[in-house]
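A short write-up of the structure that comes next.
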Amino acid sequence: MTGKLFKKTISALCAGLITCASLTPVCAESVTGQVTVDGDASDWGGVTGETVDDLPVGQAGINEFKLAYSEDGSSLLLCYTGTTPGKWYTDYLNYNLTVTKADGSTQNIPVGNLRWYGSGFSVEYVNEATGASIPGDYTVEVTIPMSFLGDNFSVSITGSSASSSTYSASSIDTLNGEAYVAPSEEETGPAVYEGIVVDGKFNDWNAIDKTDAGCPSEAHPDCLDAAAAVFDGDYLYLYIDEQYGNAATGAGTHNNGMFSIVTDLGRNMVIQLNPDGTVSGAEGIQAAHYGDKWEIAVPKSALPFYEETVSFGLYQSEPILTGIANLQEDSGNAGTFDSIVYDGLYADWDDYPHTIIEYATAGTNEILADGEQALYSDGSTLYGHVVSPMIAHTSVYGKEMTSAITIRFNQDDDLTFAPRLVLVDENGNINWNPDYSAMQAGGDYEYYLVSIDAWGTSKNINDLNDMDQVYGKMIISVGGEGLADEAEYYLDLEKIADKLGMDADEFKIIESNFGQIGNEWTSYAGTSTGAAMGIALCMLTCAVPFIYKKKKNQPKA
């Protein structure tokens, strides 16, 4: 017979045989402990506690209740812990301590009131919630002089939804004065990864290495402590440890808590951490913000195109974590790149590297990058792709794709080609000044690409003068209703080289810029090397070490 049953049985046998005044209850056990009543429960590790409520995150109550006699026998010490819905919630100080004395009299005392009872009494508490509506742990520790309790007393505590067992004087352990030391990893073995559940409890992250994190903001460069990630099956799990409450919601260059997941193909997904503990950015994201920690589950189905790995960090900053691969030997969602066909269908761009282009960075209220673009060449033809999901651009229904376009060669501003988009009807007649604002949501529009310095005097595509040459075509697909605008184009490199007084094989680096979407240049290096060189520009490699045992449950809301 062990544990609490043993204690209660011995208590019954000893009833009336001991007095609390002796403070050496012969029927109780001596346990490791040297407790300081300061609101920190870590020194109670040697005392067996009682689980009172199995509380979900954010529900106030008592998770665990412990009590013991002080090592010198002068006091009864109590400690209880639980969860609190927010920083200003202190109802746990109103939980009742029920004391029944030897004469049968009973007192129900709100725990917080004990601090006013005089010498020898103390109540210390710590609330680890970091915001008004951010849940966190609380700890309450209490000292009660034995002179108040008298002989043969019993005690229990009542929380918001349940009460502890009743403990008699003779069933309570006595601290032995030795400081509790938590078992080392050599004694317990390393933590073992068994999967992640998004519940705000974080113990399932113990086996995963954390990476130091910072912030590009000069106002709060140390607002983030650490980050971690696991891509396990159908979810990418993210962990963020803040320096202080809600720091992550103000992190980043624009202080608005925008983070991003960038794939090994350069495709980008922006997510935003909100002060209410939610995360915005994609359908199906789950999150828990508890104390100064976050855990987030992003569905694999919501991730942009990737081949093998993704990275994570603050939006438009160097990633904190790179090379995050799926534990389930996932081959990605992008397929295998073959070549590009100019047809306005775009699927052949899914598995090709892209570059984020932007003006707004994190400065708008949209949880999106301005756009992405890519270049590919087969040696004689240059293919390009550009997409923009941001409403600030798509609100003009594809017009953002029609001007301020520059193709630059060998990083030389004197070797540039600026296309002009013109319409050609079924009879070959050229409209040199089309109304770009006439494009409508859901439509596909094809334009011929001439040079910005074309004379514009030729009437028909079949009868062009030397200054009105056609160099390629562009298809613009207008999204509308929250969908992205998308375009692809091709350019004849031989004809452009001839215009610039060069040979096409002299084009070692080709760059493109869509000035109405972003100011970044997208590069393609070496027309003779095919897609391999373009892909190499975007590859990321690294590893996130941890110990893997088996998969756990899917994330819970």
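Probing with 1.4 Å while keeping every protein chain in the model, the per residue accessible area of the chain equals 44 Å². Taking a sphere under 11 Å around the Cβ of G159 and counting the other residues whose Cβ falls inside, with K and R at +1 and D and E at -1, yields a net charge of -3.
Kirkwood radius for segment 401-499, taken over all pairs of different Cα atoms as the inverse mean of 1/r, rounds to 14.5 Å. Take the Kirkwood radius over Cα pairs of segment 234-306, plug it into Stokes-Einstein at 37 °C and 0.692 mPa s, and you get 262 µm²/s for translational diffusion.
Full extension of the chain between A179 and T416 yields a length gain of 77.9 nm, computed as 0.36 nm times the residue separation minus the alpha carbon distance.
Let me make sure I get this right: for segment 232-271, a, b and c are the square roots of the gyration tensor eigenvalues over alpha carbons, sorted descending. Under 1.5 in a/c it's rounded, otherwise prolate if a/b > b/c, else oblate. Which is it? Oblate shape, in that a/c is at least 1.5 and b/c is the bigger or equal ratio.
Per residue, the chain reaches -1500 deg cm²/dmol at 222 nm when only DSSP H runs of four or more residues are counted, each adding -39500 (n - 2.57).
Taking a Cβ cut-off of under 11 Å around N519, the surrounding Lys, Arg, Asp and Glu residues balance to a net charge of -3, with basic ones at +1 and acidic ones at -1.
If you count only protein heavy atoms and use a 1.4 Å probe, how large is the accessible surface of M467, to the nearest 10 Å²? For M467, solvent-accessible area is about 70 Å². Over all pairs of different C-alpha atoms in segment 309-392, the reciprocal of the mean inverse distance, the Kirkwood hydrodynamic radius, equals 15.2 Å.
Sorted largest first, the spans of the alpha carbon positions of segment 260-417 along the three principal axes are 56, 37, 29 Å.
Semi-axis lengths, largest first, of the ellipsoid equivalent to segment 161-264 are 37, 20, 17 Å, with √(5λ) applied to each eigenvalue of the Cα gyration tensor. Taking the 1.4 Å solvent-accessible surface of segment 39-144 as the whole, the part contributed by carbon and sulfur is 44%. If R0 equals 45 Å, the separation of the Cβ atoms of V396 and A219 corresponds to a calculated FRET efficiency of about 0.85.
Diffusion coefficient (Stokes-Einstein, Kirkwood radius over C-alpha pairs, 20 °C, 1.002 mPa s) for segment 300-344: 170 µm²/s, rounded to a whole number. Note on the chain: with charges restricted to the Cβ of Lys and Arg (+1) and Asp and Glu (-1), its dipole about the Cα centre is near 2440 debye. When you restrict to C-alpha pairs under 8 Å that are six or more residues apart and normalise by the size of the chain, the relative contact order lands at 12 percent. Rg/Rh for segment 78-126 stands at 1.02; both radii use Cα atoms, and Rh follows the Kirkwood definition. Ranking G112, P221, W294 by how far each Cα lies toward the positive end of the dipole of the chain (charges on Cβ) leaves G112 at the top.
For helix 3-14, report the angle its Cα long axis makes with the longest principal axis of the Cα atoms of the chain; keep it between 0 and 90° and round to the nearest 10°. Compared with the principal axis, the helix lies near 10 degrees. Other residues with beta-carbon under 11 Å from the beta-carbon of K499 carry, at +1 per Lys or Arg and -1 per Asp or Glu, a net charge of -4. Placing +1 on the Cβ of every Lys and Arg and -1 on the Cβ of every Asp and Glu, with no other charges, gives segment 384-490 a dipole of roughly 100 debye about its Cα centre. As an exercise, take the mean of 1/r over every pair of distinct alpha carbons in segment 36-105, invert it, and state the Kirkwood radius in angstroms. After inverting the mean inverse Cα-Cα distance, the result is 13.9 Å. Taking the protein heavy atoms of segment 254-368 in the context of the full set of protein chains, the accessible area attributed to carbon and sulfur is 46 percent at 1.4 Å. Taking a point 7 Å from the Cα of S30 along the Cα-to-Cβ direction, the residues of segment 53-72 with backbone N closer than 16 Å to it are 69-72. Mean sequence separation of contacting Cα pairs (under 8 Å, at least six apart), scaled by the length of segment 376-467, corresponds to a relative contact order of 23 percent. Averaging Cα coordinates gives a centre for segment 167-186 and one for segment 470-528; these two points are 72 Å apart. The order of D378, D232 by accessible area, most exposed first and with a 1.4 Å probe, is D378, D232. Please compute the contact order of segment 200-256 in relative form: average sequence separation of alpha-carbon pairs under 8 Å and at least six residues apart, divided by the residue count, as a percent. Rounded, it is 30 percent for segment 200-256. Element breakdown for segment 152-208 at a 1.4 angstrom probe: carbon and sulfur atoms account for 45% of the accessible area. Here the convex hull built on the C-alpha positions of the chain has a volume of 168 cubic angstrom per residue. The calculated FRET efficiency for N465 paired with D330, based on their beta-carbon distance and R0 = 35 Å, is about 0.05.
The values are calculated or read from the model by the stated rules, or taken from the named source; none is laboratory data. Being a predicted model, the structure only gives us computed values, none of them experimental. Cβ coordinates were reconstructed from backbone atoms using ideal geometry, including for glycine residues, and neighbour counts include every protein chain displayed. In case anyone asks, the SASA skips ligands and DNA or RNA and just uses the protein heavy atoms, side chains included. Shrake-Rupley method; radii C 1.70, N 1.55, O 1.52, S 1.80 Å.
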